Each structure stands twice: as structure tokens, then as C-alpha cells.
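The values are calculated or read from the model by the stated rules, or taken from the named source; none is laboratory data. Bear in mind the structure is a predicted one, so any value in this text is a computation, not a measurement. Note that we place each Cβ from the backbone using ideal geometry, even for glycine, and neighbour counts take in every protein chain shown. Note: areas computed on protein heavy atoms with side chains; ligands, DNA, RNA excluded. Shrake-Rupley method; radii C 1.70, N 1.55, O 1.52, S 1.80 Å.
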Amino acid sequence: MPSVSVRKSRVPAEILNIGGTAAAILAVVMTGAGLSSMLPDPSPWLTAAAYLGPAGLAFAAYWWVAQKL
């Protein structure tokens, strides 16, 4: 009987990177939308700050992890 090698299916690193990036973008947008919805008197500056705050934190986390690699 011939030997049959079973190859384990692994997800490529590029797919994991794309999925992680999509999840991070979704988390930033949802957090910004939540903060924006809680504003008592939304102005354009406060709405921009509600979205840019989580985006800045996400970028700082990305930068910190990139420095460790």
C-alpha cells in the first residue's frame, strides 16, 4: 500500500493579515460611531475627534507591534 501523506491545510499569512486589518478597521469605525452617537451637540470637529481618537490608538498599537518585530 503506498504511503499517503496528508497535508495539513494552513491559512496563509497574507490572508490572516488581511483579516486582521479588516477587523481592526471595523473596530475603529464601530468605536468612532459609538463615540459620535453619544455626543450631545455633534459638530464636525467633535465628530472628527470621535473617529480620529480610536484610529490614533489603533495606529499606536500597530506601530508598537511593528517595532517589536
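Across the range 46-60, computed HN-Hα scalar couplings (Karplus, 6.51 cos²θ - 1.76 cosθ + 1.60, θ = phi - 60°) run 5, 5, 5, 5, 5, 8, 6, x, x, 5, x, 5, 5, 5, 5 Hz from first to last residue, x flagging Gly and Pro.
Modelled spin labels at LEU26 and SER43, positioned 7 Å past Cα toward Cβ, are 3.5 nm from each other. Secondary-structure-derived ellipticity at 222 nm for the chain, considering helices only, amounts to -25500 deg cm²/dmol, per-run term -39500 (n - 2.57) for DSSP H runs with n ≥ 4. For the chain, the fraction of C-alpha pairs farther apart than 18 angstrom is 57 percent. Given R0 = 25 Å, the distance between the Cβ atoms of SER36 and ALA13 translates into a calculated FRET efficiency of 0.15. Per atom type, the range 13-67 shows carbon and sulfur on 78% of its accessible surface, probed at 1.4 Å. For the range 13-67, the solvent-accessible area with a 1.4 angstrom probe is 78 square angstrom per residue. The value of relative contact order for the chain, using C-alpha pairs under 8 Å at least six residues apart, is 27 percent.
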